[in-house]
Amino acid sequence: MGLERLKFLIMNRISNSVKEYLDKNYILLDEVDSTNEFCKSEGIKSDCIVRALRQRNGRGRMGRKFFSDAGGFYVSYCFFPQKLRAETLLPLTGLCAVGVSKAIERTTELCPTIKWTNDLLLCGKKICGILAESVFCEDFTAERVIIGVGINTNQGAECFEGELEGIASSIYAICGKRVDEDALLYNLTEEMQKIYSLLGGRAEEMKPYVDFYRSHCETLGKEIKILKPSISGGRDPRELYLEAPELFPTARAVDIDDSFGLIVKYPDMKEETISFGEVSIR
Ligand code: BTN
């Protein structure tokens, strides 16, 4: 190993096991439709990390598009677990929000907040989205788990004009600091390995993650609209919300439960835990 490389690993506190894991499993592409879709292809048969410098058809949650031009950081972690049942994957999304947040913090010394369920924000603007997906076997165990992470790292502010204006931005556009993407990759890989090892384990082991999530979650304490997919009948609930917000219930976000569900309180004081979907902060 060259001296420069060694210095980089030490400076960024990178462990040897992460380095070896990346050496074996990392695939870097110039361009791809979507790194998550790439991980689902038949040719992928063992754990891998697929990163692309841009995506032609980056995918977001709820069938949305994820803006993926050059300058951002687009990566998917594909794991092949042993007999993990579907219900054990419920905390995955929340765990990932924490893991990605820690990796960004360690790389940039900036501290993003979390908007439930798993958008990361800096100065109120979205800088990262996470799309966790699984492919299941007939016995309802996961054949593969794919964690797609899109971080707006080094794009210029002009990339977020138009429909993204005021909603999304990049770390560079907000802070004027370029993100060291090699360090980010190492830190993120370390976090993802930790999260993967927690899946199917004991709830107590996830407690520090739930505590971190709670203390960084900017949704808590706010009045929100709950964008329930059941109300929008197949349409993107966010689209319908923009046309007719009164169709969706209003509540106050009061806490996060042990599986990263959002506990909300309605005006009549009834409580509900929301495990899926999206909220809009009013
Ligand atoms: C969201 O904000 O709705 C989630 C966005 C997830 C984007 C990432 S970029 C890498 C991976 N490949 C995809 O097509 N999507 C995820």
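Counting only residues 5 or more places away or on other chains, whose amide H sits under 5 Å from the amide H of LYS222 once H atoms are built in the peptide plane?
Residues meeting the amide H criterion: ALA253.
Which value, in Å² and to the nearest 10, is the accessible area of THR93 when all protein chains are kept and the probe is 1.4 Å?
40
Given a Förster radius of 25 Å and the C-beta distance between SER46 and ASP182 as r, what FRET efficiency does 1/(1 + (r/R0)^6) yield to the nearest 0.05?
My answer for the efficiency is 0.60.
With only Lys, Arg, Asp and Glu charged, each at its Cβ (+1 for the first two, -1 for the last two), find how big the charge dipole of the chain is about the Cα centre; round to the nearest 20 debye.
Result for the chain is approximately 300 debye, rounded to the nearest 20.
Determine how many Å³ per residue the convex hull of the Cα atoms of the range 107-216 encloses.
About 129 Å³ per residue, rounded to a whole number.
Excluding ligands, DNA and RNA, what is the solvent-accessible area per residue of the range 127-272 at a probe of 1.4 Å, expressed in Å²?
I get 48 Å² per residue for the range 127-272.
Taking amide H positions as placed 1.01 Å from N in the peptide plane, with prolines and chain starts having none, which residues 5 or more places from GLU278, or on another chain, fall under 5 Å of its amide H?
Under 5 Å from the amide H of GLU278 lie the amide H atoms of LEU227, each far enough along the sequence or on another chain.
Give me the compactness ratio for the range 223-281, meaning the Cα radius of gyration over 2.2 N^0.38 Å.
Values: Rg = 11.3 Å, N = 59, 2.2 N^0.38 = 10.4 Å.
Normalised Rg, Cα atoms only: 1.10.
Rounding to the nearest 10 and keeping the result within 0 to 90°, find how far the Cα-based axis of helix 16-25 lies from the longest principal axis of the chain.
Roughly 90 degrees, rounded to the nearest 10.
Given H placed 1.01 Å from N in the peptide plane, which residues other than close sequence neighbours of CYS217 have an amide H under 5 Å from its amide H?
ILE114
How about the range 115-193: which GluC sites (Glu not before Pro) there lie in a loop by DSSP and see at most 16 other Cβ atoms within 10 Å?
Values: sites: GLU133, GLU138, GLU143, GLU158, GLU161, GLU163, GLU165, GLU181, GLU190, GLU191; in loops: GLU138, GLU161, GLU165.
Listed in order of number, the matching sites are GLU138, GLU161, GLU165.
Return one quarter of the surface area of the convex hull spanned by the alpha-carbon atoms of the range 188-269, equal to its mean projected area, in nm².
About 7.6 nm², averaged over all directions.
Which loop-located GluC sites (Glu not before Pro) does the range 248-282 contain, where loop means any DSSP state but H, G, I, E or B and the Cβ has at most 10 other Cβ atoms within 10 Å?
Taking the range 248-282 and a limit of 10 other Cβ atoms within 10 Å, no loop GluC sites (Glu not before Pro) are found.
What is the mean projected area of the alpha carbon convex hull for the range 3-216, to one decimal in square nanometres?
About 12.1 nm², averaged over all directions.
Whole angstrom only: what separates the Cα centroid of the range 23-46 from the Cα centroid of the range 54-128?
Centre-to-centre distance over Cα atoms comes out at 17 Å.
Take the Cα atoms of the range 146-203, find their three principal axes, and give me the spread along each one in whole Å, biggest first.
44, 24, 18
How large is ³J(HN,Hα) for each residue in the range 39-46, as worked out from phi by the Karplus curve 6.51 cos²θ - 1.76 cosθ + 1.60 (θ = phi - 60°), to whole Hz, x for Gly and Pro?
Values per residue, Gly and Pro as x: 5, 7, 5, 4, x, 8, 10, 8 Hz.
For n ≥ 4 DSSP H runs only, could you compute -39500 (n - 2.57) per run for the chain, divide by its residues and tell me the 222 nm figure to the nearest 500? Could you put the intermediate results ahead of the total?
Details: 9 runs with 90 residues, N = 282.
It comes out at -9500 deg cm²/dmol, rounded to the nearest 500.
Short version: ³J(HN,Hα) in whole Hz for each residue of the range 107-123, in order, from phi by Karplus 6.51 cos²θ - 1.76 cosθ + 1.60 (θ = phi - 60°), x for Gly and Pro, what are they?
Result, ordered by residue: 7, 10, 6, 9, 10, x, 9, 10, 9, 4, 8, 8, 8, 9, 10, 10, 6 Hz.
In vacuum, with every alpha carbon of the range 1-120 counted as one equal point scatterer, what does the Debye formula give for log10 I(q)/I(0) at q = 0.11, 0.12, 0.23 Å⁻¹? Two decimals, please.
For the range 1-120 at q = 0.11, 0.12, 0.23 Å⁻¹, log10 I(q)/I(0) is -0.47, -0.56, -1.55.
What do you get for the angle between helix 181-198 and the principal long axis of the chain? Use alpha-carbon atoms, 0 to 90 degrees, nearest ten.
70
Of the heavy-atom accessible surface of the chain (probe 1.4 angstrom), what whole percent is carbon and sulfur?
Roughly 52 percent, rounded to a whole number.
Suppose accessible area is computed on protein heavy atoms with a 1.4 Å probe; arrange SER230, SER41, SER17 from highest to lowest. Could you put the intermediate results ahead of the total?
Numbers: SER230 100, SER41 50, SER17 70 Å².
Sorted by accessible area, descending: SER230, SER17, SER41.
Quick one: longest stretch of the chain between exposed loop chymotrypsin sites (Phe, Trp or Tyr not before Pro), exposed meaning at most 13 other C-beta atoms within 10 Å and loop per DSSP?
Details: sites that count: PHE140, PHE276.
After excluding every exposed loop site, the longest remaining stretch is 1-139.
The values are calculated or read from the model by the stated rules, or taken from the named source; none is laboratory data. In this text the structure is predicted, and so the values were computed from the model without any measurement. A quick note on method: Cβ atoms are made from the backbone with ideal geometry, for glycine too, and the neighbour counts reach across all protein chains shown. Keep in mind that these areas ignore ligands, DNA and RNA; they rest on the heavy atoms of the full protein, side chains included. Shrake-Rupley method; radii C 1.70, N 1.55, O 1.52, S 1.80 Å.
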